[in-house]
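The values are calculated or read from the model by the stated rules, or taken from the named source; none is laboratory data. These numbers come from a predicted model, not from an experiment. In this analysis, Cβ positions are derived from the backbone assuming ideal geometry, glycine residues included, and neighbour counts consider all displayed protein chains.
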Amino acid sequence: MAQKNTKISLMTSFILLVTLFLFPRISVCWGTTTFLYSGCTQQRYTPSSPYESNLNSLLTSLVNSATYSSYNNFTVVGSTPQDVVYGLFQCRGDLAMPECATCVARAVTRAGDICRGTCGGAVQLDGCFVKYDNATFLGAEDKAVVLKKCGPSVGYNPDAMGSRDAVLAGLAGSGGVFRVGGSGGVRGVAQCTGDLSSGECQDCVAEAIAKLKGDCGTADYGDMFLGKCYARYSTGGAHDDASKAHGKSGNQGQKTFAIIIGSLAGVAILIIFLAFLTKICGRQGK
Ligand SMILES: *[C@@H]1O[C@H](CO)[C@@H](O)[C@H](O)[C@H]1NC(C)=O
Ligand SMILES: *[C@@H]1O[C@H](CO)[C@@H](O)[C@H](O)[C@H]1NC(C)=O
């Protein structure tokens, strides 16, 4: 009897351990560095100009700052007014600090490749947003649609659409820069960049949600990215874009995940082996 209890409590602590380790990992693993969109300005800077060195120091500041903050803005002033460069980054509100820094570093690298030589650029990955320009955009609301993606229409399913609308209404109603919601199989997320006032954030998110409902109709997932905010939902099933892309990217989070699984499997085998030994020893004792 006592032996059975020990085994049960061992199993319970094992399951608890697995749960504790896996849950935060799963949310973080879900497509953190999946590429969503980019944009570059028409204007180009002169190579090896003061602007280029200011831009490089701005990008370095963004990456460094992401190790301790989920939002920041920078203005690098040059010797002349035309060399000034503005920039910001915003991580998804549920990212832990190391993942935020990893994401921003990837976004900056991506921007450097895609927007080589242009004065301004913006890159949105699943987990973070980076933008810089020589014209200031900090603190200004921007509701231009930059990315709209609707999943396949599932036909009108009153239950799914009812949950979807309820989740979106929840997102619109809850304040804050980062908003998540869920009901049934439906998941929703909305986020503003940290430079908006709460009123501007509310206005931007409300518009993204209205557009999402209007444009994506009965689609089983929808993504609506405006200049300074976004709203997304998925009704479960088919929205595996992010996880598919994530499978290809093989990022750091996934490796950590595999290591943890591996170690836990090792611990499990050890526990089972020890339990087995105890049982045999117990029998011999009798
Ligand atoms: C940004 O840089 C481009 C190219 O040097 C220049 O034409 C433009 O006027 C600049 N914009 C601002 C706001 O300084
Ligand atoms: C930019 O950052 C500074 C401090 O780092 C902060 O005081 C300011 O409010 C920020 N501006 C915007 C528009 O977010």
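Every residue, every condition in (1) among the hydroxyl-bearing types (Ser, Thr, Tyr); (2) buried (at least 19 other Cβ atoms within 10 Å of the Cβ); (3) within 16 Å of ligand 2 (Cβ to nearest atom); (4) in a strand (DSSP E or B), yes or no:
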position	(1), (2), (3), (4)
159	no, no, no, no
168	no, yes, no, no
179	no, yes, no, yes
212	no, yes, no, no
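Remark: pairs (first residue in the range 44-58, under 19 Å from residue 108 (Cβ atoms) and at pLDDT 95 or above; second residue part of a helix (DSSP H, G or I) and within 12 Å of ligand 1 (Cβ to nearest atom); Cβ separation under 7 Å; 6+ apart in sequence or on different chains) = 45/51; 45/52; 51/83; 54/83.
Within the range 111-157, restricting attention to residues that are among the polar types (S, T, N, Q) and outside any loop (DSSP other than H, G, I, E, B), which residue is surrounded by the most Cβ atoms within 10 Å (Cβ to Cβ)?
Pass one, the range 111-157, residues among the polar types (S, T, N, Q): 118, 124, 134, 136, 153, 157.
Within this subset, residues satisfying the condition of being outside any loop (DSSP other than H, G, I, E, B) are 118, 124, 153.
On the way: 118: 19, 124: 22, 153: 11.
Only one residue tops the list, namely 124.
The set of residues in the range 59-95 that are of a type in the set (A, V, I, L, M) and either within 14 Å of ligand 1 (Cβ to nearest atom) or surrounded by fewer than 18 Cβ atoms within 10 Å (Cβ to Cβ) (or both) comprises 76, 77, 84, 85.
For the range 157-209, the set of residues classified as free of Cβ contacts under 8 Å to residues at least 60 places away in the same chain and polar (S, T, N, Q) consists of 174, 183, 197, 198, 202, listed by residue number. One residue stands out in the range 96-110 among those that are among the small types (Gly, Ala, Ser) and in a helix (DSSP H, G or I): the one that is surrounded by the most Cβ atoms within 10 Å (Cβ to Cβ), namely 107.
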